[in-house]
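Only the coordinates and a few stated rules stand behind these numbers; no lab work does. Being a predicted model, the structure only gives us computed values, none of them experimental. Cβ: placed from backbone, ideal geometry, glycine included. Neighbour counts: every protein chain shown.
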Amino acid sequence: MTVLLKVCGATSRDDVALLGAAGADLIGLWHGVPGGPADLPLGRFTDLAEACRTTEVTEPMMVTFLRDPAVIVDAARPAGVRWLQLHGYQPPAVVAALKRGWPEATVVKVLHVTGDACVERPLLASYERAGTDVFLFDATGAEGRVGSTGLSLDPDVVIDLAEATTRPFLLAGGISAANRSRYEKVAAHPRFAGIDVDTAARDLSGAFCADSVGGIRRRWRAVPEVEEVF
């Protein structure tokens, strides 16, 4: 299975074009992330989703803290965005409502990890029953900050959490080309689906860097093929 590369936080058509050319499979578009530096109003979100599709190589992914399934679908579906990343602490009922109303959508539920603890761990079975398609493991920052923290997860914690689920998973949290070797066991896991990057995809000015994205892609794709999981 090809390792998916998601790059998060595009805010312009130039970002989308650069990321598509550099080999991103999924581009995270923030909508409904109050105060987030990459949060997009609905019109801009729709415009950039269209830009992703015109690359013919990338899919847009909605990244949201929204909790109302109807509001999420009303934003994503008309924009042609079928990947939905629930990045807040939305309960399993939100996943279930999304899958009932839009079975074709791919729902990605973020699991927030602090040290070796995952706050959603008691609800993993409920998230799966609700219809979660993919989990995304991410590190929380100081004072509970979520998303784009640049903090890395312990590989053993990742494996332990993966074994507590039955769904494919994406790995976030300080992922870069340089730390690929640290996650050898994770990359070899049969349900490892890919990586989600933000900080490491940018240069010192904070702009996306094609060389950085390309380097991450090459380093993380250099893994043995494993059985298709979705």
Worksheet item: So what's the net charge close to ARG77: Lys and Arg +1, Asp and Glu -1, counting the other residues with Cβ under 15 Å from its Cβ?
Response: -1
Fill in: Check: the chain dipole with +1 on Lys, Arg Cβ and -1 on Asp, Glu Cβ, in debye
160
Worksheet, complete the sentence: Whole-Hz Karplus couplings 3J(HN,Hα) for the range 69-79, θ = phi - 60° and coefficients 6.51, -1.76, 1.60, Gly and Pro as x, run x, 5, 5, 4, 5, 5, 7, 7, 5, x, 7
Discussion item. Restricting to DSSP H runs of at least four residues, report the calculated mean residue ellipticity at 222 nm for the chain, -39500 (n - 2.57) per run over all residues, nearest 500 deg cm²/dmol.
Written reply: -9500 deg cm²/dmol
Discussion item. Run the reach check for LYS109 against aspartates and glutamates, Cα to Cα strictly under 14 Å, same-chain hits fewer than 8 apart removed. What comes back?
Written reply: GLU120, GLU128, ASP133, ASP138, ASP196
Worksheet, complete the sentence: Among the range 100-114, those whose backbone N falls under 11 Å of a label point 7 Å along Cα→Cβ from LEU123 are 110-112
Worksheet item: How would you rank 43-53, 192-202, highest first, on the average number of other Cβ atoms within 10 Å across their residues?
Response: 192-202, 43-53
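In which sequence would VAL113, VAL33 go, from the one with the fewest C-beta neighbours within 10 Å to the one with the most?
Ordered by Cβ neighbours within 10 Å, fewest first: VAL33, VAL113.
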Worksheet, complete the sentence: So for the chain, using the alpha carbon gyration tensor with a ≥ b ≥ c as root eigenvalues (a/c under 1.5 gives rounded; past that, a/b versus b/c decides prolate or oblate), I'd call it rounded
Practice prompt. Putting +1 on Lys and Arg Cβ atoms and -1 on Asp and Glu Cβ atoms, find which of ILE216, GLN90, THR140 reaches farthest to the positive end of the dipole of the chain.
Written response: GLN90
Response to the item:
The summed charge of the SER12 Cβ neighbourhood (under 11 Å; Lys/Arg +1, Asp/Glu -1) stands at -1
Response to the item:
In nm, the gap between the two label points placed 7 Å beyond Cα toward Cβ at SER181 and ALA207 is 3.2
Worksheet item: Near LYS185, which aspartates and glutamates are there with a Cα under 16 Å away, not counting those fewer than 8 places off in the same chain?
Response: ASP154, ASP156, ASP160, GLU163, GLU225, GLU227
Response to the item:
Net charge near ASP116 (other residues with Cβ under 9 Å of its Cβ; Lys, Arg +1; Asp, Glu -1) is -3
